[in-house]
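Chemist: Before anything else, here's the structure in question.
We did not get these values from a lab; they are worked out from the coordinates using the rules stated. Since we're looking at a predicted model, the values are computed, not measured. Reconstructed Cβ throughout: ideal geometry from the backbone, glycine too, with neighbour counts over all protein chains shown.
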């Protein structure tokens, strides 16, 4: 006989398996107001209902039943992946310690003596449902928190990317003779960094995260040019020595502007660290003859060394009012001559291995005449 009792407000479903109609009636009366009740009067039927929808949240199981007894039912429940996690509370007339031990060893969570005490039954069912639900609640909360963190992280990354491109675009509005310069240099740096990622000199610096930040920060390398007067920045022709001194100050202006912004906010950000390194040091040279500080060799930040080569290559192949664009082959020759002088030798070697990738990038983002 199968009886499906009260299906009202509560979500939790309780399956009662007992061969006594009187016990089934009593338990149904005690629990029907708060739970969905499924009842079975023998072990085989109980096993069927345990695996049928709705799968019960908890099972009250009589120990002594004809045919398949409670211990065998519990054993089969725990062997079935669909039902093994359902808490089982044994209903027993005899509460000998050995009986309890046998049931608990099979995977039951509790014993309730017959005749059933109303308050005890309700309390035990509620307690074990709460215990069962706790991991699910924790998982749901963790999933929610992970989702919120991911959402906020993506929002911050979006704001960061927009900020970088907005700042870089300000420079383009003032110095727009090579409109795609920013796009080309970013991609030059990316292929160099990924190539050097496994090099023993660079592996510590060029992690996947750092490469992403360097790639994005590269767009800010000339942000200091917003502080250079138009008469110098937009001059059609070579600069005088005095004008060149002013132009060189764009490295310091950019670095200091970013550092001032950090100080105003009161905290640092990894992408700004790389942006400051690139902005302030991308005109330093390996042999110490660069500016603004005359840094030498490994004193120059890795990100700035990558930018130095990328920036020079792009300047060489780009037209200027005072010069024709060099061919790719001419640019490769000049950069090779600068190995160990202007450029880090290992970065130069990486460029020479990748020079055709540079050529493809230059073609992809070429300036429209």
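Chemist: Once Rh is set to the Kirkwood radius over Cα pairs, what Stokes-Einstein translational diffusion coefficient, in µm²/s, holds for region 175-364 at a temperature of 37 °C and a viscosity of 0.692 mPa s?
Modeler: Estimated via Stokes-Einstein, D reaches 194 µm²/s.
Chemist: Mind giving me the nanometre distance, one decimal, between the label points for residue 333 and residue 93, set 7 Å out from Cα along Cα→Cβ?
Modeler: 10.6 nm
Chemist: Could you please state, rounded to a whole Å, how far the C-alpha centre of region 302-369 is from the C-alpha centre of region 52-75?
Modeler: Going from one Cα centre to the other spans 77 Å.
Chemist: Most exposed first by the Cβ proxy, i.e. fewest other Cβ within 10 Å, how do 26, 361 rank?
Modeler: 26, 361
Chemist: Between residue 236 and residue 183, what is the label-to-label distance in nm when each label sits 7 Å out along the Cα-to-Cβ direction?
Modeler: So the two model labels end up 2.6 nm from each other.
Chemist: Right, another one. Give, in nm to one decimal, the length gained when the segment between residue 79 and residue 315 is fully stretched (0.36 nm per residue of separation minus the Cα-Cα distance).
Modeler: Gain in length upon complete extension: 77.8 nm.
Chemist: Classify region 2-141 as rounded, prolate or oblate from the Cα gyration tensor: take a ≥ b ≥ c as the square roots of its eigenvalues, call it rounded if a/c is under 1.5, otherwise prolate when a/b beats b/c and oblate if not.
Modeler: Working: a/c = 1.30, a/b = 1.15, b/c = 1.13.
Cα axes put region 2-141 in the rounded bin.
Chemist: Would you kindly state how much longer the chain becomes between residue 262 and residue 244 on full extension, computed as 0.36 nm times their sequence separation minus their alpha carbon distance, in nm to one decimal?
Modeler: Working: separation 18, 0.36 × 18 = 6.48 nm, distance 2.86 nm.
Difference between extended and current length: 3.6 nm.
Chemist: Continuing with the same structure: Per DSSP H run of n ≥ 4, the term is -39500 (n - 2.57); total these for the chain, divide by its residue number, and report the mean residue ellipticity at 222 nm rounded to 500 deg cm²/dmol.
Modeler: It lands at -18500 deg cm²/dmol.
Chemist: Using 0.36 nm times the number of residues separating residue 148 and residue 117, minus their current alpha carbon distance, what extension gain do you get?
Modeler: 6.6 nm
Chemist: Could I ask something else about it? List 82, 121, 60, 24 from most exposed to least, where exposure is judged by having the fewest other Cβ atoms within 10 Å.
Modeler: Details: 82 11, 121 18, 60 28, 24 22.
Neighbour counts put them in this order, fewest first: 82, 121, 24, 60.
Chemist: Would you order 126, 139 from fewest to most other beta-carbon atoms within 10 Å of each residue's own beta-carbon?
Modeler: The order, fewest Cβ neighbours first, is 139, 126.
Chemist: The list (i) 122; (ii) 236; (iii) 161 gives values of volume of the Cα convex hull per residue in Å³, and only one came from this structure; which label was calculated from it?
Modeler: Matching entry in (i) 122; (ii) 236; (iii) 161: (ii).
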